[in-house]
Amino acid sequence: MFLTEPAFSGIVLTAQTFNPSIFTEPWLAENGIIPAGSFEGLRVFSPQVAQFQTCTIQVLVVPPKMQIIFPLTASEGDAELACKIAERTVQLLPQTPYQALGLNFDYFVPPPEGHDFLAFDRALLGDGNYPLIPEFAAADARFGRYFSKDHEGGGLKLDIKPVKAGPEDKDLLQFSFNFHYEVSRLSLSERPGNLLRHIGSYPEVRRYAEHLVESGSRPAS
């Protein structure tokens, strides 16, 4: 397995309009979304915004979207609560005019131990025959790449770029994935089922993203 710094994931449901006032602490507990007693830290519940968290996830609900953010670990079980929140929301609020689902992943990859970051970055992303590559021959040059394609009934965008991140402000390569599933062209009655199917594909999507990070972290031989 590739070496990676702490990674993060997000599940985003967008809609023509959400009603944040529905998302109260009792409603979340009574409907089996988040157990009573699992909430931590500051919570905000109002007609304009609902914001709450547990020890592993943060949730924000505003009229255009619901956003669930959480750290990734080696265990795929860490995403179960986040997927459950998204699934139960769709099941309980099927008449919401949903527009799309985003499954997002951010991985931060350091160079192999003992390797210089700039040399690592150049070997991965600064090689090739693109006309501007010779203009960036300086030793301090940094490189990134953008990729996109259709994928499993949706779209995949991958942005790779050098960043400074983490508590030690390290030089890392950030692999940012957005798997986007548009449902706005479907009838309102078709949207919940479509969204639930794609939320259920989260484990497979995550494995595919990690495969791409692992493949994309090895310089061509």
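Numbers at a glance
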read-out: Test item: Cα-centred dipole of region 31-102, Lys/Arg +1 and Asp/Glu -1 on Cβ, debye; value: 260 debye
read-out: Packing-based ranking, highest mean first, of 134-145, 110-121 given that Cβ atoms within 10 Å are counted; value: 110-121, 134-145
read-out: Contact order normalised by residue count of region 157-221, Cα under 8 Å, 6+ apart, percent; value: 22 percent
read-out: Most positive-pole-ward Cα, Phe120, Ser184, Val163, against dipole of the chain from beta carbon charges; value: Ser184
read-out: Estimated FRET transfer efficiency when R0 is 35 angstrom, pair Phe39-Ala141 (beta carbons, to 0.05); value: 0.15
read-out: Computed over region 102-193: relative contact order in percent, which uses C-alpha pairs under 8 Å that are six or more apart; value: 34 percent
read-out: Partners for Lys149 among lysines (Cα-Cα distance below 19 Å; same-chain residues under 8 apart left out); value: Lys157, Lys161
read-out: Under Karplus coefficients 6.51, -1.76 and 1.60, residue-wise ³J(HN,Hα) of region 29-35 in Hz, glycine/proline x; value: 6, 5, 9, x, 8, 10, x
read-out: Kyte-Doolittle mean at least -1.0, axial Cα span of 20 Å or more - DSSP H helices of the chain; value: 202-216
read-out: About the Cα centre, charge dipole magnitude for the chain (Lys/Arg +1, Asp/Glu -1 at Cβ), debye; value: 640 debye
read-out: Asp127 paired with Lys170, simple spin-label distance in nm, labels 7 Å along Cα-to-beta-carbon; value: 2.3 nm
read-out: Relative contact order (%) - the chain, alpha-carbon pairs under 8 angstrom, separation at least six; value: 22 percent
read-out: Reach of Lys84 by Cα under 24 Å, taken over lysines that are not fewer than 8 positions away in the same chain; value: Lys65
read-out: Centre separation in Å (Cα based) which lies between region 19-72 and region 137-178; value: 30 Å
read-out: Cβ crowding within 10 Å averaged over residues, with 97-109, 198-210, 177-189, 30-42 ranked highest first; value: 97-109, 198-210, 177-189, 30-42
read-out: Rounded to whole Hz, the Karplus (6.51, -1.76, 1.60) HN-Hα couplings of region 154-163, x for glycine and proline; value: x, x, 10, 10, 10, 10, 10, 8, x, 9
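Every number in this text was worked out from the coordinates using simple rules, so none of it is lab data. In this text, all values refer to a predicted model and were calculated from it rather than measured experimentally. Note: ideal-geometry Cβ built from the backbone for every residue, glycine included; neighbour counts use all protein chains shown.
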